[in-house]
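Below is one structure, written out as structure tokens; comments come after it.
The values are calculated or read from the model by the stated rules, or taken from the named source; none is laboratory data. Keep in mind that what you see is a predicted model, and the values were worked out from it rather than measured. For neighbour counting, all protein chains shown are included, and Cβ atoms are generated from backbone atoms with ideal geometry for every residue, glycine included.
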Amino acid sequence: MAEVFILLGGNVGDKHEIFTETRKMIGDCIGKSTKLSSIYDTEPWGFESEPFWNQVLVIETMLLPFEILNLTQAIETKMGRVRSSGYYESRPMDIDLLFYDDLILNTPRLTLPHPKIAERRFVLEPLNEIAPLKHHSVTGYTISEMLRMCNDHLRVEKNDQK
């Protein structure tokens, strides 16, 4: 059984409904959630738009990384995501694989751990809530250490939704 950390993010549509349905689909086709962070209201990173919701899930799964990637991309599409520009943009749902156990993988389609974890407070805050002592398999830093060193100062605040 693999332990997978997944980030959910979105800022278009009924976020409560979209997040609820996304978590259900992940549970149905990828694996059981063992931990869920709070939902965070976050400023968009890399472009101007409405605020996002972000949440980290820890999933137990028998699936391999590329199987998970294929399924998460299918879920994003089902939830209304359209990949158009290749740049950062508003979307109903974005699902990022952050960690797959301690696997280090670098391919054109998937890099694990996710290469931008340390740069993004909207990833680190929910990660720190549920796994502050988890070590990054490339840098060796814990999530809490990475959060203290993070230079991203965009707004990230807990939301009382879950």
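Residues of region 5-45 that are farther than 17 Å from LEU154 by Cβ, of a type outside the set (Gly, Ala, Ser) and touching an Asp or Glu at 6+ places or on another chain (Cβ under 8 Å): ILE6, LEU8, VAL12, LYS32, THR34.
Considered as a group, the residues in region 8-44 that are small (Gly, Ala, Ser) and either modelled with pLDDT under 95 or under 19 Å from LEU97 (Cβ atoms) (or both) include one that is farthest from the chain's Cα centre (by Cα), and that residue is GLY13.
So if I check each of PHE5, PHE47, which one is farther than 16 Å from MET93 by Cβ and under 15 Å from the mean Cα position of the chain (by Cα)? First the steps, then the outcome.
Details: PHE47 fails: under 15 Å from the mean Cα position of the chain (by Cα).
Testing whether each residue is farther than 16 Å from MET93 by Cβ and under 15 Å from the mean Cα position of the chain (by Cα) leaves just PHE5.
Inspection of region 97-113 finds a residue satisfying the criterion of being assigned to a loop (DSSP other than H, G, I, E, B), in contact with a helix residue (DSSP H, G or I) (Cβ under 9 Å, 6 or more places away or on another chain) and over 20 Å from GLY9 (Cα atoms).
Reported count of residues in region 137-159, each being surrounded by fewer than 20 Cβ atoms within 10 Å (Cβ to Cβ) and either small (Gly, Ala, Ser) or touching a strand residue (DSSP E or B) at 6+ places or on another chain (Cβ under 8 Å) (or both), is 10.
Given the structure, is ASP101 surrounded by fewer than 17 Cβ atoms within 10 Å (Cβ to Cβ) and either polar (S, T, N, Q) or in contact with a strand residue (DSSP E or B) (Cβ under 9 Å, 6 or more places away or on another chain) (or both)?
Numbers: surrounded by fewer than 17 Cβ atoms within 10 Å (Cβ to Cβ): yes; either polar (S, T, N, Q) or in contact with a strand residue (DSSP E or B) (Cβ under 9 Å, 6 or more places away or on another chain) (or both): yes.
Yes.
Looking at region 101-125, which of its residues are under 20 Å from CYS150 (Cβ atoms) and charged (D, E, K, R)?
The initial filter retains those residues of region 101-125 that are under 20 Å from CYS150 (Cβ atoms), namely 111-125.
Within region 101-125, LYS116, GLU119, ARG120, ARG121, GLU125 qualify.
Restricting to region 115-128, name every residue that is in contact (Cβ under 8 Å) with a residue 40 or more places away in the chain and outside any helix (DSSP H, G or I). Give the derivation first.
At the first step, the residues of region 115-128 found to be in contact (Cβ under 8 Å) with a residue 40 or more places away in the chain are 120-123, 125-127.
Hit for region 115-128 is ARG120, nothing else.
Here is a check on your reading of the model: is MET62 of a type in the set (A, V, I, L, M) and loosely packed, with under 14 Cβ neighbours inside 10 Å? In short, yes.
Of the residues contained in region 75-93, none is found to be crowded, with 18+ Cβ neighbours inside 10 Å and over 22 Å from SER33 (Cβ atoms).
Comparison of GLU125, GLU67, GLU48 shows that the only residue that is in contact with a strand residue (DSSP E or B) (Cβ under 8 Å, 6 or more places away or on another chain), of a type in the set (Asp, Glu) and either surrounded by 13 or more Cβ atoms within 10 Å (Cβ to Cβ) or at pLDDT below 95 (or both) is GLU125. If I filter region 133-162 down to residues being in a loop (DSSP other than H, G, I, E, B) and either under 14 Å from the mean Cα position of the chain (by Cα) or closer than 23 Å to PHE19 by Cβ (or both), which single residue comes out as modelled with the highest pLDDT? Checking each candidate, the answer is LYS134.
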